[in-house]
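A short worksheet on the structure shown next.
None of the figures in this text is laboratory data; all of them are computed from the coordinates on show. Given the structure is predicted, the values throughout are model-derived calculations rather than measurements. No Cβ is skipped: glycine too gets one built from the backbone with ideal geometry, and neighbour counts run over all protein chains shown.
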């Protein structure tokens, strides 16, 4: 490839366009105008205009000059070089920073023109690499032709390789096939499980706040009694029974509000939900008033997340969402099937290239020592609170109150120990975690970016560790593993990782073709 | 791979840490002096603990931190170990590196040191930093990783 394009080999380091300095200066001035304006109005308002201006003006000029000087020095020290294998950018006045981006990692170059640079005929070039944390390299500013040249050059570098790669794995999929759909009945069932506690709380809060607007006292049960009794007066004779009826009616009203809110909200969001497999990936359409249409490219799926709830688990309902490459952040919600039975989820998982855990996996538990330590730490904090209340409160028995959350915390740790599981299969990692709303992460052994083994002081003494994987667009962490397990997992995953390169799993090349067309 | 020995950082890093801590200690001592002047009586009640802490910071801490850190580059993986109380042991295969930074702060320039930072596509550990390398070593590692990426994608 270098033979064809000898012009681009080893360019000398260049500075950005000299007019950059003009844009920076103009930006700086506009940013200074408002503060100076405000300051001068407040300061010079007191009369004595002449005197103050004499002191004020040189100071302002000095600040501006200093800013200009720094900007100029920074400009002289920022250079970029288009080299044979990478782009190299060096910058910094006091601290020096040198960044190298291999061409293989650049997915695309985007050129952006804001108003001011546009007036000066300059562009900002951004090299998109799919790095996590939005840490892409930017070059501000370049002449328009130079920006175009860089973009063409990088696309040429990429295409030579990617066209061959695409021909090798030409997609042979059907036009579209419905993987999952939710008829109205399913949406309604889903809505019932989406009981909205928030709506109940808001209604309760509103009732409390806006009580004065009502012509009667909301929480005055005796008043309710009279109103319910009506002209007959017979109900008031029932006394406590009527009170109980009043409370029951209030609870029923709140419950009805909660359920209705849940159903309506779910129907608005999930109406006519359908997930199809198309050539470009999984296509999801849903919504009643605002209908959304989203395509999730299959090669960008990094992991799957299987979620459920305390109650819906009893009825076998699960939700499946995909974790996708970081650059898809704009559409962060990637629910592939929000409310489905396991049997319906299996084919969706298969369509994304993942699989639900097969039978006969070697499921490992959380380290019991990790659970005991966590329970002791959390419990002892609440026990401390309890002791403080016991000593200082006039009502010593209140000291027993923090013991209730203490017991809940301990119960949770026991539950986590009983039900948290993780397993490693030939291609995938499975980790189940959670108490009331457990979820299962399904990761691929090759679609991970890094492995971190972390241990606190207690964990080191007691021989357990947290294992955290770098996952593009999500997090994958297993807490409290036995140390030997964690080390064995790390070794196994690293061996899988080393067998593939990022460019093979990101599917960057086909995407760029689309955006370029 | 847990048995493979780690490469220690450049010895100048310990000296640089000591200088950094010395600056912090000076600030602390200044604050302590101000407190001593502001609070009448009990001369030494603030100074003594601050001086003891500063001494620990200057004598013990740099070596502990230096000893706690290390890296290795075997099998085309960058492994970075750090942390005195909370240990963290991170491995990034070269094939997952997005781009590479070699940074030098003002102090690092004085000691000819550099910080190597590799960026990955992961949301967790999006960038992994390795401070305290000799500048020449950092540049050499960068070239190694870059060469590995280039070879793997061809």
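How much FRET efficiency would the formula 1/(1 + (r/R0)^6) give for residue B:74 and residue A:62, where r is the Cβ-Cβ distance and R0 is 56 Å, rounded to 0.05? It comes out at approximately 0.50.
Reported value for the range A:288-401: 250 Å³ per residue, from the convex hull of its C-alpha atoms. Each residue, residue A:272 and residue A:460, gets one label point 7 Å from its Cα in the Cβ direction; the gap between the two is 6.1 nm.
Once the mean of 1/r is taken over each pair of separate Cα atoms and inverted, the range B:11-64 shows a Kirkwood hydrodynamic radius of 11.8 Å. Extending 7 Å from Cα along the Cβ direction at residue A:176 and again at residue A:138 yields two label points whose distance is 3.7 nm. Evaluated at q = 0.13, 0.15, 0.19, 0.22 Å⁻¹, the base-10 log of the normalised Debye intensity for the range B:15-154, with identical point scatterers placed on the Cα atoms, takes the values -0.69, -0.83, -1.10, -1.30. Note on the range B:73-147: semi-axes of the ellipsoid equivalent to its C-alpha gyration tensor, largest first and rounded to whole Å, are 19, 16, 11. Averaged over peptide B:137-149, the number of partner chain Cβ atoms lying within 10 Å of each residue's Cβ comes to 3. Applying 1/(1 + (r/R0)^6) with r as the Cβ-Cβ distance of residue A:186 and residue A:436 and R0 = 35 angstrom yields a FRET efficiency of 0.90. One equal scatterer on each Cα of the range A:349-441, no solvent, Debye formula: the resulting log10 I(q)/I(0) at q = 0.20, 0.23, 0.24 Å⁻¹ is -0.94, -1.08, -1.12. When each of B:110, B:97, A:446 is scored by the number of other beta-carbon atoms lying within 10 Å, the sequence from fewest to most is B:110, A:446, B:97. Using R0 = 41 Å, the C-beta based FRET efficiency linking residue A:250 and residue A:372 works out to 0.40.
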